[in-house]
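The values are calculated or read from the model by the stated rules, or taken from the named source; none is laboratory data. Keep in mind the model is a prediction, meaning the values are calculated, not measured. Every residue, glycine among them, receives a Cβ derived from its backbone with ideal geometry; neighbour counts consider all protein chains shown.
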Amino acid sequence: MISKNEIMETVLENDVEFIRLWFTDLNGILKSFAITNDELENALERGMGFDGSSITGFQDIEESDMIAMPDLNTFAILPWRPREKAVGRMICDVLQPGGDPYEGDPRYVLKRALARMEKMGFDHFYVGPELEYFYFKSPERPEPLDHGGYFDLTPRDMASDLRRDTVLALKNLGIKVEYSHHEAAVSQHEIDMRYDDALKMADNMVTYRLAVKEIASNHGVYATFMPKPIYGEYGSGMHTHQSLFKGNKNVFFDSDDSFHLSDYAKSYLGGVLKYSKEMVSILAPWVNSYKRLVPGYEAPVYVAWSRNNRSALIRVPQYQPGREYATRIEVRCPDPSGNPYLQLAVMLMAGLKGIEEECPLPEPMELNLYELNDEERIKKGIEILPSSLEEAIRYAEESDLVEETLGPHSFRRFITLKKLECEEYNRQVTDYEIKKYYPIL
């Protein structure tokens, strides 16, 4: 763990003039304010105050005072800012004025879930999310930069330098990257970070999203994590690989099992399946998210698991001898637009509930689920995820799991925010309606 003195020395040695303090609102939107290096020592000791009533999903106006307390382990120098009078950043925990954790802080929600995990005897929740995104020519309209496809290279992939500069920026921020490539849709891309502990990964996910946008802006283009910005194209998902460890042992692995899955893994997987409809509003949290979660675009809508079939909600990658540590499950319905702290927390809590309840694991579905008609799907007992945010919120509102994960404070605010979003969307008159109905009605 880095010390306060080490941070102060780093600031001095690297001519850091400003330090940005980061945290997210309930929706996962990054919030930031800057202090000068003269205020850093005070911030490290006592935190910095701010108005919590102005942050979406936080406090009411009569209880507005909040403290942003920097996490010492998150100090980094932003590589896209000038080196002279450089800018650092620290990710903060949000505290109440008395110093207690603020229950509405999304980072604290994940910390609570991790504490629950540790109480059950596990030491690590390792996650490896794959965040997809699009590059467009401007913020005004989604005009693609290229018409490439999966793994395409120049000239069809026009964003190689964008990805290159983003990977270098992430490495400068201390984030390990495994690989990057063009994705399946036009102008769609992916940079995969190496798996890590959940809290560090959630911090990295927030940093990743900003880095992608900053580098794009520096190149005169626009990057978006909107799940479905183009009609008729694949949407952007966030397939999330996850496993539990005790010390250095992956407790998901069992050499004697035909799937190489332990009882822990099977119950965890069963829990994620059981609670998937209740938690999908957090994993896919916007009206637009459900334009991606439709059959036929490699986005999973069927509550089932498989080893090879990517039409299922959960995939278990094939075991490779000698790589027991890599045994994991891959949850495929999340998208990269949500709040990473809440997304990781609710998946972990669903899996832990599965372990506690010894949820049974159904048989894997290795057939293409998109080709099943409704009668065949029902006969096989395969449920389908909610088809809209409105439907997803109805499941969440009745969910003890979601309320326990978020805590009563954030739970009420999340449900309220999402209901308002649905109401606002339902009042819109869309281009589709004008084109379809106006000429004939």
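Among the residues of the range 323-341, those identified as of a type in the set (Ser, Thr, Tyr) and assigned to a loop (DSSP other than H, G, I, E, B) are Thr327, Ser337.
Per-residue answers, yes or no, for (1) charged (D, E, K, R); (2) within 18 Å of Arg292 (Cα to Cα); (3) in contact with a Leu (Cβ under 7 Å, 6 or more places away or on another chain):
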position: Cys333; (1), (2), (3): no, yes, yes
position: Ala345; (1), (2), (3): no, no, yes
position: Leu352; (1), (2), (3): no, no, no
position: Pro360; (1), (2), (3): no, no, no
position: Glu366; (1), (2), (3): yes, no, no
position: Val402; (1), (2), (3): no, no, no
position: Thr405; (1), (2), (3): no, no, no
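Just a yes or no: is a residue in the range 39-53 touching a Phe, Trp or Tyr at 6+ places or on another chain (Cβ under 9 Å), surrounded by 14 or more Cβ atoms within 10 Å (Cβ to Cβ), outside the structural domain of Thr416 (by TED's automatic domain parsing) and among the acidic types (Asp, Glu)? Among the residues of the range 39-53, not one is touching a Phe, Trp or Tyr at 6+ places or on another chain (Cβ under 9 Å), surrounded by 14 or more Cβ atoms within 10 Å (Cβ to Cβ), outside the structural domain of Thr416 (by TED's automatic domain parsing) and among the acidic types (Asp, Glu), which makes the answer no. Contact annotation: residue pairs with Cβ atoms under 8 Å, 6 or more positions apart or on different chains, pairing a residue in the range 227-254 that is more than 30 Å from Val186 (Cα to Cα) with a partner that is among the acidic types (Asp, Glu), are Phe245/Asp123; Lys246/Asp123; Gly247/Asp123; Asn250/Glu324; Phe253/Glu324; Asp254/Asp263. Looking at the range 262-305, the helices (runs of 4 or more DSSP H) lying wholly inside it that each contain 3 or more residues that are touching a residue at least 40 places away in the same chain (Cβ under 8 Å), touching a Gly at 6+ places or on another chain (Cβ under 9 Å) and small (Gly, Ala, Ser) sit at 263-274. Within the range 388-410, restricting attention to residues that are in contact with a helix residue (DSSP H, G or I) (Cβ under 6 Å, 6 or more places away or on another chain) and not in a helix (DSSP H, G or I), the residue that is nearest to Leu283 (Cα to Cα) is Ser388. Within the range 245-257, is even one residue under 21 Å from Ser388 (Cβ atoms) and of a type in the set (Lys, Arg)? Within the range 245-257 (the criterion being under 21 Å from Ser388 (Cβ atoms) and of a type in the set (Lys, Arg)), the answer is no, since none of the residues qualifies.
Filtering Val280, Val272, Val251, Val301 for residues that are buried (at least 21 other Cβ atoms within 10 Å of the Cβ), modelled with pLDDT under 95 and among the aliphatic types (A, V, I, L, M) leaves a single hit, Val301. Scanning the range 363-387 for residues that are crowded, with 16+ Cβ neighbours inside 10 Å and modelled with pLDDT of 90 or more turns up Ile384, Leu385, Pro386.
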